[in-house]
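The values are calculated or read from the model by the stated rules, or taken from the named source; none is laboratory data. From a predicted model like this one, the values you see are computed outputs, not experimental measurements. Note that each Cβ is placed from the backbone with ideal geometry, even for glycine, and that neighbours are counted across all protein chains shown. Calculation scope for accessible area: heavy atoms of the full protein, side chains included, ligands and nucleic acids excluded. Shrake-Rupley method; radii C 1.70, N 1.55, O 1.52, S 1.80 Å.
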Amino acid sequence: QETLMGKYGEDTKLIYELQDQGGELLALRYDLTVPFARYLAMNKVTNMKRYHVAKVYRRDNPATTRGRYREFYQCDFDIAGQFDPMIPDAECLKIVHEILSDLQLGDFVIKVNDRRILNGVFAVCGVPESKFIPACSTVDKLDKVPWEEVRSEMVGEKGLSPEAADRIGEYVQLHGGLDLIERLLQDPQLSQNKLAKEGLEDMKLLFEYLTLFGITGKISFDLSLARGLDYYTGVIFEAVLLQQENEHVEEPVSVGSVAGGGRYDGLVGMFDPKGRKVPCVGVSIGIERIFSILEQRLKASGEKLRTTETQVLVATPQKHLLPARLKLISELWDAGIKAEMLYKKDPKLLKQLQYCEDTGIPLAAIVGEQELADGVVKLRDVATREEVRM
């Protein structure tokens with residue numbers, strides 16, 4: 001359990017805690033990032049690039065229609081190691097862009113910000129450092145609730161002064177591209193803040209690399225992006241699907257964030273007994289979220305989805321031919337052909353062909369008494385109903 005504690009900030013309350021029979025305090029993993037950092041520290045790995053697809057657990061209120069579950073898959077990609085600024089970060093964004101484009105999920109935007117810029121904003125707006133992280137998790141709600149609500153939470157629950165909240169509001173509602181970065185670098189207050197200046201200069205570099213990758217059209221530098229987790233230290237990003245206007249669904253599916261990530265340079269050091277740091281940047285794709293969108297699309301379009309890759313159904317037209325089917329399917333399996341048969345002794349031919357149509361199996365290999373006598377198999381194209389003897 002202690003592996004997970006103190007890494008997630010406010011989200012700690014969503015960790016599933018368990019007690020095993022031996023009285024050990026255990027918890028289910030909340031993401032794949034913290035276990036990755038622990039792995040690097042434990043095995044003294046200082047340089048690695050890897051992806052990992054696995055289940056994680058969150059004690060959240062499920063909203064299954066929106067692809068929000070308590071047990072779900074994530075696909076993470078991370079680059080660990082000491083490199084020059086923003087080169088691996090740009091690659092992570094390129095990968096998110098590539099995945100979301102290839103899956104044809106419709107229009108999306110990848111919001112990018114930097115923890116240092118945010119902390120700089122808080123500092124110049126007069127927020128004490130002890131309140132940076134709580135303020136951060138409040139700002140993070142801006143994509144879901146209007147600024148008025150965020151402001152009242154900052155003042156009412158997080159104890160910020162109304163003046164500080166209003167000044168934060170002027171910054172966190174900004175979003176744009178290189179032009180905005182240039183404008184903020186000229187900002188008399190922000191440019192005086194060491195952290196913010198570093199963050200903005202790196203952001204400028206990042207946008208130069210993203211321009212070379214040809215993906216800036218889908219990237220937005222967004223000062224309201226905060227990502228609620230404590231372990232981010234630099235660049236943070238989140239990919240959001242944009243709702244198509246002309247959807248013929250009764251209510252628009254707002255799936256929200258489908259991928260997120262950022263730089264976490266301090267996490268590996270938290271697990272290393274000597275505190276040795278390994279800088280890391282990574283991204284997490286919410287597979288389940290993406291599935292729920294694809295499923296809703298399919299439902300709306302009325303398309304049938306093939307759930308298997310079966311190439312051929314082995315069928316028989318008369319009774320007492322189960323042995324023939326078992327022998328033939330065994331040969332096909334041994335030859336690496338994806339084959340299926342109905343688990344019935346004497347199914348009707350029509351039923352077998354109907355099964356092919358329902359599941360989208362393209363071919364039926366039919367062996368009847370005549371075929372057995374002639375030493376052939378009748379191969380039937382299910383869609384066109386053409387048959388050839390082989």
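Taking (1) without any contact (Cβ under 8 Å) to a residue 12 or more places away in the chain; (2) open to solvent by less than 30 Å² (accessible area, probe 1.4 Å) in turn, Q352 satisfies each apart from (1). Sort through V283, V278 and tell me the only one that's in a strand (DSSP E or B), more than 20 Å from Q370 (Cα to Cα) and touching a residue at least 60 places away in the same chain (Cβ under 8 Å). Within the list V283, V278, the selection yields V283. Are any of the residues in region 66-84 charged (D, E, K, R), open to solvent by 10 Å² or more (accessible area, probe 1.4 Å), part of a loop (DSSP other than H, G, I, E, B) and on the phi < 0 side of the Ramachandran plot? Looking for residues that are charged (D, E, K, R), open to solvent by 10 Å² or more (accessible area, probe 1.4 Å), part of a loop (DSSP other than H, G, I, E, B) and on the phi < 0 side of the Ramachandran plot, one finds at least one in region 66-84, hence yes. Within region 274-295, being more than 19 Å from L103 (Cβ to Cβ), out of contact with any Phe, Trp or Tyr (no Cβ under 7 Å at 6 or more places or on another chain) and either open to solvent by 20 Å² or more (accessible area, probe 1.4 Å) or of a type outside the set (V, I, T) (or both) holds for K274, G275, R276, K277, P279. Identify, please: which residue in region 24-44 is open to solvent by less than 60 Å² (accessible area, probe 1.4 Å) and part of a loop (DSSP other than H, G, I, E, B) and is, among those, farthest from G275 (Cα to Cα)? My answer is L28. Among the residues making up region 124-158, those that are among the hydroxyl-bearing types (S, T, Y) and open to solvent by 30 Å² or more (accessible area, probe 1.4 Å) are S130, S152.
For region 87-99, residues that are under 14 Å from the mean Cα position of the chain (by Cα) and surrounded by fewer than 23 Cβ atoms within 10 Å (Cβ to Cβ) total 5. Flag set for Q21, criterion: among the polar types (S, T, N, Q), out of contact with any His (no Cβ under 7 Å at 6 or more places or on another chain), in a loop (DSSP other than H, G, I, E, B) and without any contact (Cβ under 8 Å) to a residue 24 or more places away in the chain.
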